[in-house]
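One structure below.
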């Protein structure tokens, strides 16, 4: 894959003056995995995110979502992946948000990620490509129908989080700052 745009993991690591090997040693995540995460070859798993976030002193949910959204966006923009994984991630995040067992900060992080996923998925629906994955035309159309019903139909949940953010004077929208990570 080469270089990942908006590489939060690499930025956080280099801000601390650490090499990939140092992050691997401090976090307990194997060095080759750190390399594959930073190049965007792999999505960060929950376990790896927890370990690296602890070492970096950041929130693991924010780290994994910021990284994985950047990877998915780049893959979708490059035409290497269709919207299927983004749809599944959006559905999972909505279910997590609707459980109401999150802190306000976690709910805000998820709401921002959902907004970003929504934009990515909508953009992919405007210009479907011949993806190199299993997203055939009929699968793609079916995913978009499910998405409209299950994800965008729950917009109220996202709106409620955005309303809480406005009431607290916090910014709204899909932008995630380093301070929130």
Selection count where residues are assigned to a helix (DSSP H, G or I) and either surrounded by 20 or more Cβ atoms within 10 Å (Cβ to Cβ) or in contact with a helix residue (DSSP H, G or I) (Cβ under 7 Å, 6 or more places away or on another chain) (or both), scope the stretch 37-53: 9
Do we find that residue 61 is in contact with a helix residue (DSSP H, G or I) (Cβ under 7 Å, 6 or more places away or on another chain) and either part of a helix (DSSP H, G or I) or under 26 Å from residue 88 (Cβ atoms) (or both) in this structure? yes
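A quick yes/no check of all residues on (1) in contact (Cβ under 8 Å) with a residue 40 or more places away in the chain; (2) outside any loop (DSSP other than H, G, I, E, B); (3) within 22 Å of residue 166 (Cα to Cα); (4) in contact with a strand residue (DSSP E or B) (Cβ under 8 Å, 6 or more places away or on another chain):
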position: 13; (1), (2), (3), (4): yes, yes, no, no
position: 17; (1), (2), (3), (4): no, no, no, no
position: 26; (1), (2), (3), (4): no, yes, no, no
position: 32; (1), (2), (3), (4): no, yes, no, no
position: 71; (1), (2), (3), (4): yes, yes, no, no
position: 75; (1), (2), (3), (4): no, yes, no, no
position: 96; (1), (2), (3), (4): no, yes, yes, no
position: 114; (1), (2), (3), (4): yes, yes, yes, no
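No value in this document is a laboratory result; all are computed from the given coordinates. In this text the structure is predicted, and so the values were computed from the model without any measurement. Because the Cβ atoms are built from the backbone with ideal geometry, glycine has one as well, and the counts that use them run over all protein chains shown.
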